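So the structure is just underneath, and the comments pick up after that.
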Protein chains: 2
Amino acid sequence: MANKDYTFKDLTPYLDKYMALQTAISIMDWDDSTAAPEEASEYTSKMLGILSQEQFMTLINPQVKEMIEQFDEEQLSLTEKAVLKRIRKEYEKSEAIPAKEKREYTELTSRAFNIWQKAKKENDFSVYAPYLKKVIAFRKKFAGYSQKEDAKLYDILLEEYEESFRMKELDRFFAKLKEEIIPLLKKIEQAEEIDDSFFYLDYDIEKQKEFNRYIAEYMGFDFKRGLIAESEHPFTTNWHNHDVRITTRYYKDNLPSAILSTIHECGHALYEQGVRDELTQTLVGEGASCAMHESQSRFYENIIGRSEAFWEPLYPKLVELFPEQLGNISLQQFVRALNKVKADLIRTEADELTYCLHIMVRYELEKQMIEENIAVDELPELWNQKYAEYLGVSPENDSEGILQDVHWSMGDIGYFPSYALGNAFAAQIYNTMKKELDVDKLLREGRISEITAYLRKHIHQYGASKEPRELLKELTGEEFNPDYYIQYLKEKFEQVYGL
Amino acid sequence: MANKDYTFKDLTPYLDKYMALQTAISIMDWDDSTAAPEEASEYTSKMLGILSQEQFMTLINPQVKEMIEQFDEEQLSLTEKAVLKRIRKEYEKSEAIPAKEKREYTELTSRAFNIWQKAKKENDFSVYAPYLKKVIAFRKKFAGYSQKEDAKLYDILLEEYEESFRMKELDRFFAKLKEEIIPLLKKIEQAEEIDDSFFYLDYDIEKQKEFNRYIAEYMGFDFKRGLIAESEHPFTTNWHNHDVRITTRYYKDNLPSAILSTIHECGHALYEQGVRDELTQTLVGEGASCAMHESQSRFYENIIGRSEAFWEPLYPKLVELFPEQLGNISLQQFVRALNKVKADLIRTEADELTYCLHIMVRYELEKQMIEENIAVDELPELWNQKYAEYLGVSPENDSEGILQDVHWSMGDIGYFPSYALGNAFAAQIYNTMKKELDVDKLLREGRISEITAYLRKHIHQYGASKEPRELLKELTGEEFNPDYYIQYLKEKFEQVYGL
C-alpha cells in the first residue's frame with residue numbers, strides 16, 4: 001500500500017485501544033483511591049505499570065508514526081485535526097527525550113515522591129533536597145531538547161500544561177495581582193474579623209452526605225451518569241461522558257469543607273458530563289486543559305458557590321438539617337462567613353482572595369529554579385520570605401512551608417500557574433456571561449441549570465476539540481485578559497468587608 | 001534465533017500483558033456490578049470489548065505459538081508446565097473453530113442472552129426457543145471440531161468446564177443420587193415440618209451488615225486483602241491473592257439469605273486469598289476449577305455453616321443483635337431451621353438436600369439436547385415432568401421452570417454438573433479431614449482457622465497448578481468417589497428429621 005493511501009480511519013484501531021487502556025487505567029486508579037484493600041496496591045500497581053507501558057506504545061510506534069506523517073490534513077475534519085494535533089504532541093514529547101534518560105527520570109520521580117512523603121512527615125527538607133535538585137536538572141535538560149527559538153526553558157515547561165501560555169503573559173498577570181491584591185489583603189486584615197465559628201460545631205456526617213447529594217443534584221450533576229464516593233483527597237475522574245465520578249471527604253467539625261469541595265468537583269463533573277457524545281472516548285473527549293477545567297470548578301465553587309444568590313434557595317434546606325447549629329444564623333451571616341479572608345500557610349486551605357498569592361510564590365520560585373539556577377538549598381528560605389512578604393505569615397517548619405505540595409517531587413514544575421489561570425478564565429467568562437444572563441436572578445430563582453446550559457453551549461460540549469485560548473476568544477470576544485479577575489476580586493472583597 | 005533457543009522466560013512479557021488485561025477487565029466488571037451509574041454500561045462495555053479482544057490476541061498469536069511448540073518440557077518447572085498446559089488448551093479451543101463461526105456464535109449468544117431476559121420477564125419460552133436451538137447447534141458443531149475418539153459430544157462440553165469428568169462418571173453419580181436421595185426426600189416430606197418462621201421477621205439491615213462482617217472476620221477473611229460490597233447477585237472476584245472481593249445482598253425480611261451467601265462467598269474468597277504468592281498473577285494463580293471452587297464455598301456454607309458446632313460460638317452474638325426476634329429461639333432450633341428441607345422450583349433458593357436434584361434435571365436435559373437431538377420445543381414439558389417426578393413440584397409457568405437459569409442462553413451447556421461435583425468433592429474432602437481433625441470440637445471452640453489452615457495446606461495454596469483430580473487424590477488417597485456425598489446427605493438429614 002502506498003503511504004499516501006492512509007486515511008484517518010486507519011488510525012481507529014490504535015485510538016480505540018489507547019482509549020480502552022486509558023479507561024481501564026482510570027478505573028483501576030479510581031478503585032485504588034476509593035475502595036481497594038490495604039495490601040492490594042503493590043500487586044495491582046505492577047499490572048498498572050504494564051498497562052501504562054502498553055498504552056504508551058499503542059500510540060508511539062512505527063505504524064502510527066508512518067500514518068500521521070502521511071495524512072493529508074486538508075481531508076480531515078476539525079475533530080480529526082484536533083486528535084492529530086494531540087498525537088503529534090505526544091510524539092514530540094516522546095521523541096525529544098532519549099529512552100534511557102526517560103527511564104532514569106521515571107525512576108527518579110518515583111523515588112523522589114516517596115522521599116518527599118518521608119521528608120514532609122519528618123519535616124526534613126535536607127533529605128529531599130538532593131532529589132529535587134535532580135528533578136530540576138532533568139526537567140531543564142528535557143526542556144532543552146525541545147527548545148524553540150523564541151521560548152525560554154520555563155516557557156517550554158509552562159506550555160506542557162497550558163498550551164501557548166508563557167512567562168510573558170504570566171509575568172504581567174502576577175505583577176498586577178501583586179500590585180492590587182496585596183494592598184487589598186492588608187486593608188482586609190485591618191478590618192473587623194468575620195465570625196465563622198458556627199462552621200466548626202458538631203455536624204452529623206450522614207446529614208452532611210444527604211445535603212451534599214442534594215446540592216449536587218441541584219447543580220445538575222446527573223446521577224445516572226455519575227456518582228459521589230469518598231476519598232482522602234477529593235477529586236473528579238471520568239472514563240467517558242456517561243460515567244463521571246467525584247469524591248468528597250466529610251469532617252464532623254467542619255461544615256463548609258465537604259460542601260465547597262462537592263461544588264468544586266461538581267464544576268469539573270458538569271464539564272465532563274457536558275462533552276458531546278461524538279467526542280467522548282476520543283483523544284479530545286475530555287476538558288480542554290487543566291486551566292480550563294479549573295476555571296469551571298472554581299467558577300462554581302467561588303463565583304457561584306460563595307454568593308448569596310446561590311444560597312438563597314438552598315440555605316433553608318441546610319438550616320432544616322442542622323437547626324441547632326444554624327437556626328440563629330441568617331443567610332447573610334452564612335454567606336459572609338463563606339467569604340472570610342484569612343491569609344495562612346497552606347494553599348489547599350486558602351480562601352478565594354489569597355489563593356492566587358500562594359500560586360504566585362510557587363511561580364516565582366519555579367522561574368528561579370529553571371531560569372536563574374538558584375541553589376535548591378536556598379529554596380526554603382526564599383519560600384518563607386515570600387510568604388512573609390505577600391501573605392504576612394511565616395511557616396514554623398518546612399512541612400507547612402515548601403514541603404506542603406507533592407507536585408515538584410513528581411516533576412510537575414510549570415503546573416501551578418494553571419490554577420491561577422483557571423481563576424482568571426472563570427472571571428473573564430463570568431464577565432461576558434453577565435451581559436447575556438441575569439446570573440443573580442437565575443440563582444435566586446433556583447434556575448442554575450440555565451447557567452450550566454450557557455457553559456455547556458460555549459465550553460463544555462467541545463471537550464478538547466478546541467484550545468482554551470480559542471474557546472475563551474469565541475465566548476468573550478477578546479484575548480485572555482486577567483484584569484477581569486483582579487477587578488472581580490477587588491469588587492467582591494471590598495464589598496464583603498465594607499471597604 | 002533458532003527456534004530451540006526459546007525459554008519459558010521469553011513468554012513472560014506476553015503472560016504479563018495477558019494477566020494485566022485480565023486484572024483490568026475484572027476490575028471493570030466488578031465496578032459495573034457494584035458501583036457504575038445506570039447509563040455508563042453501554043459506553044464502558046465498548047472499551048471492555050476492545051480489551052477482551054486484545055487479551056485474547058496476546059496469547060493467541062504466531063510468536064507465542066512458535067514458542068510453545070518449541071519448548072523442551074523437560075526443562076520446565078511444575079508451575080511452568082501447568083501454565084503451558086493452560087495455554088495449549090486455549091490454542092486447541094481457538095484453533096478448532098473457524099474465526100467466522102466464532103464471531104457468529106459470539107453475536108448469537110449476546111442476542112440469546114437478551115432474548116432470554118425478555119422471555120423470562122414475559123414468561124414466553126417460544127421467543128427464546130429459536131435462539132436456544134441455534135446455541136445448541138453451534139455447541140454441538142464446535143464440540144465436533146475437537147472430538148476425540150473416545151469422547152462423545154457432551155463429554156467434550158463437560159470437559160470444557162471440568163477436565164476429565166465425563167458422562168460415564170456423572171451418570172453413575174446421578175444414578176446413585178436418584179436412587180438414594182429421592183426416597184429420602186419422600187420420607188422427609190412425610191415428617192413434621194420444621195418451623196423457620198422466625199427467619200422472616202423484620203431484621204435491621206445495618207445490624208445484618210455488622211453481623212456479616214463479623215462472621216467473615218471470624219472465618220478468617222482478610223480485610224487487608226479484600227472487602228465486602230453489595231450487588232444484586234452475590235459473587236466473588238479477585239485480581240490476585242491480595243485483592244479478593246465478595247458481595248452480599250441483604251433482605252430486611254430474610255435473615256439467613258445474606259448470612260449463608262456471605263459464608264458461601266467467603267469459602268470462595270478464602271480459597272483465593274490462600275493461593276501462594278509465587279502463583280498469584282500467573283495463569284495458574286486462581287482456584288483449580290469451577291467444581292473445586294464450589295467444593296470450598298459449599299463446604300463452608302453447608303457442611304460447616306449449617307452445623308450446630310459452627311454456630312455455638314457465633315449464635316450468642318446474633319441473638320445479642322436481634323434479641324426480639326431470636327431471644328426465644330434456642331441454638332438447636334436455629335440450626336434445625338437452617339437445615340429445613342423443602343422441595344421447590346428454583347435452583348438458587350434450594351436447600352442443601354434438594355440442590356443436586358435440580359442439577360440432575362439439567363444434566364439429563366443437556367444430555368438429551370446434545371446426544372439425543374431432542375426438539376427444543378419439547379424441553380419445557382420435559383423439564384416440568386422431571387420436576388414433578390424428582391422434586392414433586394410443578395412450575396406454573398416457564399419463568400419458574402426452564403427459563404429460570406441464564407446459563408444456556410450464554411452457551412454454557414455442560415456447566416451445571418460442576419455444581420454437583422463441587423458438593424461431592426466437598427464431602428469427600430470432609431470425610432478425610434475428619435480423620436485428621438476433630439472438626440466438631442474445633443468449631444465449638446471457635447478454632448475454625450485450623451480447618452481453613454488444613455484446606456489451605458492441601459488445596460488453596462496450589463491454585464490451579466494442580467488439576468482437581470490430582471488435588472483430590474493427594475488429599476484423600478483415592479479417586480473421585482461420590483458415595484461420600486450421598487452418605488453425608490443421608491446421615492445428616494436422617495438425623496435432622498429423626499428418621
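A few notes on this one:
- Residue within region B:386-407 that is of a type outside the set (S, T, N, Q), in contact with a Phe, Trp or Tyr (Cβ under 6 Å, 6 or more places away or on another chain) and over 30 Å from B:GLU107 (Cα atoms) present: yes
- None of A:SER465, A:SER418 is closer than 30 Å to A:THR109 by Cβ, buried (at least 21 other Cβ atoms within 10 Å of the Cβ) and among the hydroxyl-bearing types (Ser, Thr, Tyr) except A:SER418.
- Of residues in region A:102-158 being among the acidic types (Asp, Glu) and outside any helix (DSSP H, G or I), the one surrounded by the fewest Cβ atoms within 10 Å (Cβ to Cβ): A:GLU149
- Test: residue in region B:239-246 that is surrounded by 18 or more Cβ atoms within 10 Å (Cβ to Cβ), modelled with pLDDT of 95 or more and among the aromatic types (Phe, Trp, Tyr): no
- Single match in B:SER261, B:SER197 (criterion: exposed (fewer than 15 other Cβ atoms within 10 Å of the Cβ) and modelled with pLDDT of 95 or more): B:SER197
- Qualifying residues in region A:177-194 (those that are closer than 17 Å to A:VAL496 by Cα and among the aliphatic types (A, V, I, L, M)) - the one surrounded by the fewest Cβ atoms within 10 Å (Cβ to Cβ): A:ALA191
- Scanning region B:422-455 for residues that are surrounded by 20 or more Cβ atoms within 10 Å (Cβ to Cβ) and in contact with a Gly (Cβ under 8 Å, 6 or more places away or on another chain) gives B:ILE448, B:THR452, B:LEU455.
- One residue from B:ALA36, B:ALA40, B:ALA20, B:ALA99 being over 30 Å from A:PHE221 (Cα atoms), without any contact (Cβ under 8 Å) to a residue 24 or more places away in the chain and crowded, with 19+ Cβ neighbours inside 10 Å: B:ALA20
- Cβ pairs under 9 Å, 6+ apart, first in region B:431-442 and closer than 16 Å to B:GLY305 by Cα, second among the basic types (Lys, Arg) and outside any loop (DSSP other than H, G, I, E, B): B:ASP440/B:LYS434
- Unique match (being acidic (Asp, Glu) and touching a Lys or Arg at 6+ places or on another chain (Cβ under 8 Å)) among B:GLU445, B:GLU494, B:GLU479, B:GLU467: B:GLU479
- So B:ILE259, is it more than 8 Å from chain A (Cβ to nearest Cβ) and assigned to a helix (DSSP H, G or I): yes
- For region B:263-355, the helices (runs of 4 or more DSSP H) that sit wholly inside it and include 2 or more residues that are in the same structural domain as B:HIS233 (by TED's automatic domain parsing), more than 28 Å from B:TYR484 (Cα to Cα) and hydrophobic (A, V, I, L, M, F, W, C) are B:315-321.
- Annotation: of all residues in region A:234-251 being free of Cβ contacts under 8 Å to residues at least 60 places away in the same chain, more than 14 Å from chain B (Cβ to nearest Cβ) and in a loop (DSSP other than H, G, I, E, B), the one that is farthest from A:GLU286 (Cα to Cα) is A:TYR250.
- Boolean, B:ILE87 is surrounded by 15 or more Cβ atoms within 10 Å (Cβ to Cβ), farther than 22 Å from B:SER465 by Cα and either modelled with pLDDT of 90 or more or among the hydroxyl-bearing types (Ser, Thr, Tyr) (or both): no
- Number of positions in region A:209-227 that are more than 10 Å from chain B (Cβ to nearest Cβ) and either surrounded by 19 or more Cβ atoms within 10 Å (Cβ to Cβ) or basic (Lys, Arg) (or both): 8
The values are calculated or read from the model by the stated rules, or taken from the named source; none is laboratory data. From a predicted model like this one, the values you see are computed outputs, not experimental measurements. Reconstructed Cβ throughout: ideal geometry from the backbone, glycine too, with neighbour counts over all protein chains shown.
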